[in-house]
Amino acid sequence: MFKEFKEFAVKGNALELAIGVIIGAAFTSVVNSIVNDIFNPLLGIFIGKVDFHSWTLGLPGEGVLGIGSFINALINFLIVSIVVFLIARQFNRFRKKPSGVPDTKQCPYCMSAIALKATRCPNCTSQLNT
């Protein structure tokens with residue numbers, strides 16, 4: 001079990017995931033600053049002073065709903081999701097190959113489409129000269 005865990009931890013995917021989590025945690029403080037220091041003051045210009053944290057809704061008894069905290073969290077989520085979408089969209093654009101460059105070739109024996117770097121056909125198992 002330790003050997004399997006070691007293989008998992010050393011793989012690139014686990015390392016990339018760890019880096020992503022660390023960057024995501026750091027990104028949270030940036031988004032909170034954008035919401036609290038930029039978005040809320042700009043919104044305050046149009047609708048007056050905005051302090052979402054103080055918005056609450058009293059419930060019977062001693063219960064209080066923190067509507068303002070929820071609104072801030074919702075704004076944070078929207079900003080993060082839009083930024084992540086834009087980053088992923090741009091990343092996918094860079095990864096795409098130009099449409100004129102083929103990524104497959106034809107096996108001379110069975111005529112099926114195979115990867116350009118293939119040295120053996122996965123369909124007929126013929127050795128390719130490449």
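Key figures for this structure:
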quantity	calculated
Matching option when the condition is of a type in the set (G, A, S) and either more than 22 Å from I82 (Cβ to Cβ) or part of a loop (DSSP other than H, G, I, E, B) (or both), among A18, A26	A18
Filtered residue count, the range 59-73, keeping only those that are in contact with a Leu (Cβ under 8 Å, 6 or more places away or on another chain) and without any contact (Cβ under 8 Å) to a residue 12 or more places away in the chain	3
Residues located in the range 26-36, provided they are free of Cβ contacts under 8 Å to residues at least 40 places away in the same chain and surrounded by 10 or more Cβ atoms within 10 Å (Cβ to Cβ)	V30, S33, N36
Of all residues making up the range 8-41, the number that are acidic (D, E) and modelled with pLDDT under 75	0
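Residues are listed down the side, and each one gets a yes or a no for (1) assigned to a loop (DSSP other than H, G, I, E, B); (2) touching a residue at least 60 places away in the same chain (Cβ under 8 Å); (3) not polar (S, T, N, Q):
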residue: F46; (1), (2), (3): no, no, yes
residue: I75; (1), (2), (3): no, no, yes
residue: F91; (1), (2), (3): no, no, yes
residue: K105; (1), (2), (3): no, no, yes
residue: K117; (1), (2), (3): yes, no, yes
residue: N123; (1), (2), (3): yes, no, no
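The values are calculated or read from the model by the stated rules, or taken from the named source; none is laboratory data. This one's a predicted model, so the numbers in the text were calculated from it and none came from an experiment. Cβ: placed from backbone, ideal geometry, glycine included. Neighbour counts: every protein chain shown.
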